[in-house]
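Heads up: the structure comes next, in C-alpha coordinates.
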Amino acid sequence: MSPSNSPRSDVSLTHPDRLYWPDEGVTKQGLADYYAAAWRFMAPYVVNRPLALLRLPDGIKGHQRFFQKHAWKGMNPHIEEIADPQDADGEKLLRIGDFDGLVALVQSAVLEIHPWGTTTGNWEQPDMITMDLDPGEDVAWNAVISAALEVKARLETRGLAAFVKTSGGKGLHVVAPLAPKAGWSEVKDFAHSLAESMSADAPDKYLATATKAKRGGHIYIDYLRNGRGNTAVAAYSTRARPGAPVSMPLDWEELSDVSGPAAFTLANVPQRLETRPKDPWGDFFEAAVPLE
Ligand code: ATP
Ligand code: MN
(Lines give C-alpha, C1' and ligand atoms only; values in the text may rest on other atoms or scores of the structure.)
(Ligands and ions follow the chains in the order given, each with its own letter.)
Protein backbone atom coordinates (compact mmCIF):
# COMPACT_ATOMS: atom_id res chain seq x y z
CA MET A 1 0.00 0.00 0.00
CA SER A 2 1.38 3.41 -0.87
CA PRO A 3 2.20 5.61 2.10
CA SER A 4 -0.24 8.24 0.86
CA ASN A 5 -3.07 5.78 1.54
CA SER A 6 -1.84 4.99 5.02
CA PRO A 7 -3.89 6.30 7.89
CA ARG A 8 -2.11 8.64 10.27
CA SER A 9 -2.19 8.51 14.03
CA ASP A 10 -1.12 10.91 16.74
CA VAL A 11 -0.76 8.12 19.27
CA SER A 12 2.90 7.86 20.09
CA LEU A 13 4.59 4.50 20.53
CA THR A 14 6.96 4.25 23.46
CA HIS A 15 9.81 1.79 22.91
CA PRO A 16 8.94 1.16 19.25
CA ASP A 17 11.80 -1.36 19.04
CA ARG A 18 10.29 -3.61 21.71
CA LEU A 19 10.04 -7.13 20.28
CA TYR A 20 6.54 -8.58 20.35
CA TRP A 21 7.42 -11.69 18.28
CA PRO A 22 11.13 -12.02 19.09
CA ASP A 23 11.91 -15.02 16.85
CA GLU A 24 10.33 -13.28 13.89
CA GLY A 25 11.86 -9.90 14.70
CA VAL A 26 8.45 -8.21 14.81
CA THR A 27 8.53 -5.07 16.92
CA LYS A 28 5.85 -2.76 18.26
CA GLN A 29 6.60 -0.41 15.34
CA GLY A 30 6.36 -3.35 12.92
CA LEU A 31 2.94 -4.22 14.29
CA ALA A 32 1.78 -0.61 13.95
CA ASP A 33 3.05 -0.55 10.35
CA TYR A 34 1.16 -3.76 9.58
CA TYR A 35 -2.09 -2.33 10.96
CA ALA A 36 -1.56 0.89 8.98
CA ALA A 37 -1.52 -1.26 5.83
CA ALA A 38 -4.46 -3.41 6.93
CA TRP A 39 -6.62 -0.64 8.40
CA ARG A 40 -8.77 0.18 5.37
CA PHE A 41 -9.72 -3.50 5.09
CA MET A 42 -9.95 -4.26 8.78
CA ALA A 43 -11.78 -1.24 10.16
CA PRO A 44 -15.40 -2.46 9.84
CA TYR A 45 -14.61 -5.59 11.85
CA VAL A 46 -13.09 -3.79 14.84
CA VAL A 47 -14.65 -0.30 15.00
CA ASN A 48 -17.58 0.29 17.36
CA ARG A 49 -17.73 -3.26 18.67
CA PRO A 50 -17.22 -4.48 22.22
CA LEU A 51 -13.74 -6.00 22.33
CA ALA A 52 -11.90 -8.67 24.25
CA LEU A 53 -8.15 -8.12 24.02
CA LEU A 54 -5.20 -10.42 24.48
CA ARG A 55 -2.37 -8.29 25.92
CA LEU A 56 1.19 -9.56 26.22
CA PRO A 57 3.26 -6.65 27.57
CA ASP A 58 6.53 -8.57 27.11
CA GLY A 59 5.63 -10.13 23.77
CA ILE A 60 4.65 -13.69 22.95
CA LYS A 61 7.56 -15.18 24.87
CA GLY A 62 6.96 -13.12 27.98
CA HIS A 63 5.24 -14.40 31.08
CA GLN A 64 2.45 -11.87 31.20
CA ARG A 65 -0.68 -12.71 29.25
CA PHE A 66 -3.92 -10.88 29.99
CA PHE A 67 -7.28 -11.60 28.36
CA GLN A 68 -9.03 -8.30 29.01
CA LYS A 69 -12.60 -7.20 28.56
CA HIS A 70 -12.25 -4.20 30.84
CA ALA A 71 -9.98 -1.20 31.29
CA TRP A 72 -6.53 -1.50 32.85
CA LYS A 73 -4.43 0.98 34.76
CA GLY A 74 -2.97 3.65 32.50
CA MET A 75 -5.08 2.67 29.50
CA ASN A 76 -4.70 5.01 26.52
CA PRO A 77 -7.67 7.41 26.19
CA HIS A 78 -8.18 6.40 22.54
CA ILE A 79 -9.51 3.11 23.89
CA GLU A 80 -13.06 3.95 24.96
CA GLU A 81 -14.99 2.57 27.91
CA ILE A 82 -18.62 1.78 27.22
CA ALA A 83 -21.44 0.48 29.38
CA ASP A 84 -23.15 -2.75 28.39
CA PRO A 85 -26.81 -1.69 28.16
CA GLN A 86 -27.83 -4.93 29.88
CA ASP A 87 -25.37 -4.39 32.70
CA ALA A 88 -25.51 -0.64 33.20
CA ASP A 89 -23.93 -0.77 36.65
CA GLY A 90 -21.34 -3.37 35.74
CA GLU A 91 -17.73 -2.90 34.80
CA LYS A 92 -17.43 -1.03 31.53
CA LEU A 93 -16.45 -2.75 28.29
CA LEU A 94 -13.93 -1.59 25.69
CA ARG A 95 -14.28 -0.19 22.20
CA ILE A 96 -12.24 1.65 19.59
CA GLY A 97 -13.66 4.17 17.14
CA ASP A 98 -10.82 4.86 14.73
CA PHE A 99 -7.22 4.19 13.73
CA ASP A 100 -5.91 6.03 16.79
CA GLY A 101 -7.74 3.42 18.84
CA LEU A 102 -6.01 0.61 16.96
CA VAL A 103 -2.58 2.21 17.45
CA ALA A 104 -3.45 2.62 21.13
CA LEU A 105 -4.03 -1.15 21.23
CA VAL A 106 -0.60 -1.70 19.65
CA GLN A 107 0.98 0.64 22.19
CA SER A 108 -0.71 -1.44 24.92
CA ALA A 109 0.73 -4.71 23.60
CA VAL A 110 -2.63 -6.03 22.41
CA LEU A 111 -1.54 -8.85 20.10
CA GLU A 112 -5.03 -10.30 19.47
CA ILE A 113 -8.31 -8.44 18.98
CA HIS A 114 -11.52 -10.40 19.62
CA PRO A 115 -14.72 -8.45 18.88
CA TRP A 116 -18.29 -9.37 19.58
CA GLY A 117 -20.31 -10.13 16.45
CA THR A 118 -22.28 -6.94 16.81
CA THR A 119 -21.85 -3.18 16.77
CA THR A 120 -22.57 -0.99 19.76
CA GLY A 121 -25.14 0.91 17.68
CA ASN A 122 -27.26 -2.22 17.40
CA TRP A 123 -26.18 -4.11 20.44
CA GLU A 124 -28.87 -6.79 20.63
CA GLN A 125 -28.98 -7.67 16.90
CA PRO A 126 -25.75 -9.36 15.78
CA ASP A 127 -24.40 -8.50 12.33
CA MET A 128 -22.52 -11.74 11.73
CA ILE A 129 -22.44 -15.45 12.50
CA THR A 130 -19.03 -17.09 13.01
CA MET A 131 -18.67 -20.85 12.59
CA ASP A 132 -15.28 -21.91 13.95
CA LEU A 133 -13.85 -25.11 12.49
CA ASP A 134 -11.46 -26.77 14.92
CA PRO A 135 -9.74 -29.87 13.56
CA GLY A 136 -8.70 -32.56 16.02
CA GLU A 137 -5.40 -34.36 15.85
CA ASP A 138 -4.76 -36.19 12.57
CA VAL A 139 -7.29 -34.21 10.52
CA ALA A 140 -5.91 -33.30 7.10
CA TRP A 141 -6.00 -29.65 6.07
CA ASN A 142 -8.03 -30.67 3.02
CA ALA A 143 -10.75 -31.97 5.30
CA VAL A 144 -10.93 -28.58 7.03
CA ILE A 145 -11.37 -26.93 3.64
CA SER A 146 -14.16 -29.41 2.80
CA ALA A 147 -15.85 -28.63 6.10
CA ALA A 148 -15.74 -24.91 5.32
CA LEU A 149 -17.33 -25.53 1.92
CA GLU A 150 -20.02 -27.62 3.60
CA VAL A 151 -20.78 -24.81 6.07
CA LYS A 152 -20.90 -22.37 3.14
CA ALA A 153 -23.38 -24.57 1.26
CA ARG A 154 -25.64 -24.83 4.31
CA LEU A 155 -25.55 -21.09 4.97
CA GLU A 156 -26.37 -20.41 1.33
CA THR A 157 -29.28 -22.84 1.47
CA ARG A 158 -30.66 -20.59 4.18
CA GLY A 159 -30.20 -17.56 1.94
CA LEU A 160 -27.12 -16.30 3.77
CA ALA A 161 -23.76 -15.32 2.27
CA ALA A 162 -20.59 -17.01 3.49
CA PHE A 163 -17.04 -15.68 3.80
CA VAL A 164 -13.93 -17.53 4.92
CA LYS A 165 -10.75 -16.64 6.80
CA THR A 166 -7.89 -18.51 8.35
CA SER A 167 -7.96 -18.47 12.13
CA GLY A 168 -4.22 -17.89 12.24
CA GLY A 169 -4.16 -20.90 14.56
CA LYS A 170 -5.42 -24.35 13.71
CA GLY A 171 -8.47 -23.89 11.55
CA LEU A 172 -10.85 -21.81 9.49
CA HIS A 173 -13.68 -19.45 10.36
CA VAL A 174 -16.72 -19.27 8.09
CA VAL A 175 -18.54 -16.00 8.67
CA ALA A 176 -22.00 -15.01 7.46
CA PRO A 177 -22.96 -11.31 7.45
CA LEU A 178 -26.38 -10.54 8.92
CA ALA A 179 -28.59 -7.55 8.50
CA PRO A 180 -29.25 -6.82 12.19
CA LYS A 181 -32.70 -8.19 12.96
CA ALA A 182 -32.64 -11.51 14.81
CA GLY A 183 -31.58 -11.41 18.46
CA TRP A 184 -28.71 -13.27 20.13
CA SER A 185 -30.66 -16.36 21.11
CA GLU A 186 -32.08 -16.85 17.63
CA VAL A 187 -28.67 -16.42 16.05
CA LYS A 188 -27.02 -18.81 18.47
CA ASP A 189 -29.80 -21.37 18.02
CA PHE A 190 -29.38 -21.16 14.27
CA ALA A 191 -25.61 -21.66 14.52
CA HIS A 192 -26.18 -24.59 16.87
CA SER A 193 -28.65 -26.28 14.53
CA LEU A 194 -26.27 -25.82 11.60
CA ALA A 195 -23.48 -27.53 13.55
CA GLU A 196 -25.83 -30.29 14.72
CA SER A 197 -27.08 -30.98 11.21
CA MET A 198 -23.54 -31.33 9.87
CA SER A 199 -22.64 -33.70 12.68
CA ALA A 200 -25.84 -35.72 12.21
CA ASP A 201 -25.22 -36.10 8.47
CA ALA A 202 -21.53 -37.03 8.81
CA PRO A 203 -20.85 -38.16 12.38
CA ASP A 204 -17.55 -39.70 11.30
CA LYS A 205 -16.29 -36.24 10.31
CA TYR A 206 -18.01 -33.59 12.39
CA LEU A 207 -18.76 -32.94 16.04
CA ALA A 208 -21.10 -30.26 17.32
CA THR A 209 -20.18 -30.67 20.99
CA ALA A 210 -16.81 -30.09 22.57
CA THR A 211 -16.50 -33.69 23.77
CA LYS A 212 -12.75 -34.01 23.89
CA ALA A 213 -12.82 -37.81 23.94
CA LYS A 214 -14.07 -38.10 20.36
CA ARG A 215 -12.13 -35.08 19.10
CA GLY A 216 -9.32 -37.06 17.46
CA GLY A 217 -9.99 -37.47 13.75
CA HIS A 218 -12.99 -35.13 13.84
CA ILE A 219 -13.59 -31.48 13.13
CA TYR A 220 -15.39 -29.70 15.92
CA ILE A 221 -17.88 -27.17 14.54
CA ASP A 222 -17.75 -24.59 17.31
CA TYR A 223 -20.95 -22.53 17.16
CA LEU A 224 -20.40 -21.04 20.61
CA ARG A 225 -18.86 -17.85 19.22
CA ASN A 226 -22.38 -16.61 18.62
CA GLY A 227 -23.83 -15.98 22.04
CA ARG A 228 -24.15 -12.56 23.65
CA GLY A 229 -20.70 -11.62 24.98
CA ASN A 230 -18.86 -14.30 23.02
CA THR A 231 -16.10 -13.26 20.67
CA ALA A 232 -14.03 -14.47 17.74
CA VAL A 233 -10.71 -13.12 16.55
CA ALA A 234 -11.17 -10.23 14.13
CA ALA A 235 -10.40 -10.45 10.43
CA TYR A 236 -6.82 -9.17 9.97
CA SER A 237 -6.00 -9.44 13.68
CA THR A 238 -2.59 -10.85 14.51
CA ARG A 239 -2.30 -13.91 16.76
CA ALA A 240 0.00 -14.15 19.75
CA ARG A 241 1.54 -17.35 18.42
CA PRO A 242 4.84 -18.37 16.85
CA GLY A 243 5.27 -17.17 13.28
CA ALA A 244 3.23 -13.98 13.83
CA PRO A 245 0.18 -15.33 11.97
CA VAL A 246 -2.92 -13.31 11.17
CA SER A 247 -6.56 -14.27 10.71
CA MET A 248 -6.71 -13.73 6.96
CA PRO A 249 -9.82 -13.16 4.83
CA LEU A 250 -9.69 -15.22 1.65
CA ASP A 251 -11.51 -15.73 -1.60
CA TRP A 252 -13.25 -19.11 -1.70
CA GLU A 253 -11.48 -19.75 -5.02
CA GLU A 254 -8.02 -19.51 -3.48
CA LEU A 255 -8.75 -21.68 -0.45
CA SER A 256 -7.42 -24.86 -2.04
CA ASP A 257 -4.09 -23.12 -2.72
CA VAL A 258 -3.62 -22.05 0.89
CA SER A 259 -1.10 -24.27 2.66
CA GLY A 260 -2.62 -24.12 6.12
CA PRO A 261 -4.38 -22.11 8.83
CA ALA A 262 -1.29 -20.09 9.70
CA ALA A 263 -0.10 -19.49 6.14
CA PHE A 264 -0.59 -15.75 6.37
CA THR A 265 1.76 -13.86 8.64
CA LEU A 266 3.15 -10.41 9.28
CA ALA A 267 5.97 -11.43 6.95
CA ASN A 268 3.77 -11.98 3.89
CA VAL A 269 0.46 -10.17 4.37
CA PRO A 270 1.65 -6.60 3.71
CA GLN A 271 2.96 -7.65 0.32
CA ARG A 272 -0.26 -9.50 -0.43
CA LEU A 273 -2.31 -6.40 0.43
CA GLU A 274 -0.11 -4.37 -1.89
CA THR A 275 -0.12 -6.75 -4.83
CA ARG A 276 -3.74 -7.93 -4.54
CA PRO A 277 -5.51 -4.76 -3.48
CA LYS A 278 -8.96 -6.31 -4.02
CA ASP A 279 -10.42 -7.16 -0.65
CA PRO A 280 -11.82 -10.72 -0.70
CA TRP A 281 -14.35 -9.58 1.90
CA GLY A 282 -15.03 -6.28 0.11
CA ASP A 283 -18.77 -6.87 -0.19
CA PHE A 284 -19.20 -8.49 3.23
CA PHE A 285 -21.70 -6.00 4.60
CA GLU A 286 -23.48 -5.49 1.26
CA ALA A 287 -24.14 -9.23 1.24
CA ALA A 288 -25.88 -9.12 4.62
CA VAL A 289 -29.47 -10.34 4.84
CA PRO A 290 -31.59 -10.83 7.95
CA LEU A 291 -31.85 -14.24 9.54
CA GLU A 292 -35.52 -15.10 9.14
P1 ATP B 1 -7.78 -21.86 16.62
O2 ATP B 1 -7.63 -21.99 15.15
O3 ATP B 1 -6.52 -22.17 17.35
O4 ATP B 1 -8.97 -22.63 17.10
P5 ATP B 1 -9.44 -19.66 17.26
O6 ATP B 1 -9.35 -18.19 17.08
O7 ATP B 1 -10.53 -20.31 16.49
O8 ATP B 1 -8.05 -20.29 16.88
P9 ATP B 1 -8.94 -19.61 20.11
O10 ATP B 1 -7.91 -18.57 19.93
O11 ATP B 1 -8.51 -20.87 20.78
O12 ATP B 1 -9.67 -20.04 18.77
O13 ATP B 1 -10.12 -19.03 20.97
C14 ATP B 1 -10.55 -17.77 20.71
C15 ATP B 1 -11.79 -17.45 21.51
O16 ATP B 1 -11.80 -18.07 22.79
C17 ATP B 1 -11.80 -15.98 21.75
O18 ATP B 1 -12.49 -15.28 20.75
C19 ATP B 1 -12.39 -15.85 23.09
O20 ATP B 1 -13.78 -15.81 22.98
C21 ATP B 1 -11.99 -17.11 23.78
N22 ATP B 1 -10.74 -16.95 24.55
C23 ATP B 1 -9.49 -17.03 24.08
N24 ATP B 1 -8.59 -16.87 25.06
C25 ATP B 1 -9.30 -16.70 26.19
C26 ATP B 1 -8.95 -16.48 27.56
N27 ATP B 1 -7.69 -16.41 27.97
N28 ATP B 1 -9.95 -16.35 28.43
C29 ATP B 1 -11.22 -16.43 28.03
N30 ATP B 1 -11.61 -16.62 26.77
C31 ATP B 1 -10.67 -16.76 25.85
MN1 MN C 1 -10.93 -22.32 16.20
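The values are calculated or read from the model by the stated rules, or taken from the named source; none is laboratory data. Nothing here was measured: the structure is a model prediction, and the numbers come from that model. Every residue, glycine among them, receives a Cβ derived from its backbone with ideal geometry; neighbour counts consider all protein chains shown. These area figures cover heavy atoms from the full protein model, side chains too; ligands, DNA and RNA do not enter into them. Shrake-Rupley method; radii C 1.70, N 1.55, O 1.52, S 1.80 Å.
Residues in the chain average 44 Å² of solvent-accessible surface per residue, probe 1.4 Å, ligands and nucleic acids excluded. Counting protein heavy atoms only, the chain has 49 percent of its accessible area on carbon and sulfur, 1.4 angstrom probe.
Prolate is the label for the range 128-226, because the ratio a/c of its alpha-carbon gyration tensor axes (a ≥ b ≥ c) is 1.5 or higher and a/b is greater than b/c. Compute the Cα gyration tensor for the range 138-292, then decide on rounded, prolate or oblate, letting a ≥ b ≥ c be the square roots of its eigenvalues: rounded whenever a/c is under 1.5, prolate when a/b is larger than b/c in the other cases, and oblate in all that remain. Oblate. Using a Gaussian network model of the chain in which every pair of alpha carbons under 10 angstrom is joined by a spring, one finds that among 91, 186, 196 the greatest mean-square fluctuation is at 91. In the range 1-160, the convex hull through the Cα atoms has an average projected area of 12.8 nm², a quarter of its surface area. Here the chain is assigned +1 on the Cβ of each Lys and Arg and -1 on the Cβ of each Asp and Glu. Its dipole about the Cα centre then comes out at about 560 debye. By definition, a body whose alpha carbon gyration tensor gives a ≥ b ≥ c is oblate when a/c is 1.5 or more and a/b is not larger than b/c, and the range 1-67 fits this oblate description.
Put simply, the amide H of residue 94, placed in the peptide plane, has neighbours under 5 Å in 51, 82, leaving out anything fewer than 5 places away on its chain. Helix screen, the chain: DSSP H segments with Cα axial length of 20 Å or more and mean Kyte-Doolittle hydropathy at least -0.5 are 28-46, 141-157, 184-201. With 21 Å as the limit on Cα-Cα distance, the pairs of 181/278; 28/61; 69/181 that go past it are 181/278; 69/181.
Secondary-structure-derived ellipticity at 222 nm for the chain, considering helices only, amounts to -7500 deg cm²/dmol, per-run term -39500 (n - 2.57) for DSSP H runs with n ≥ 4.
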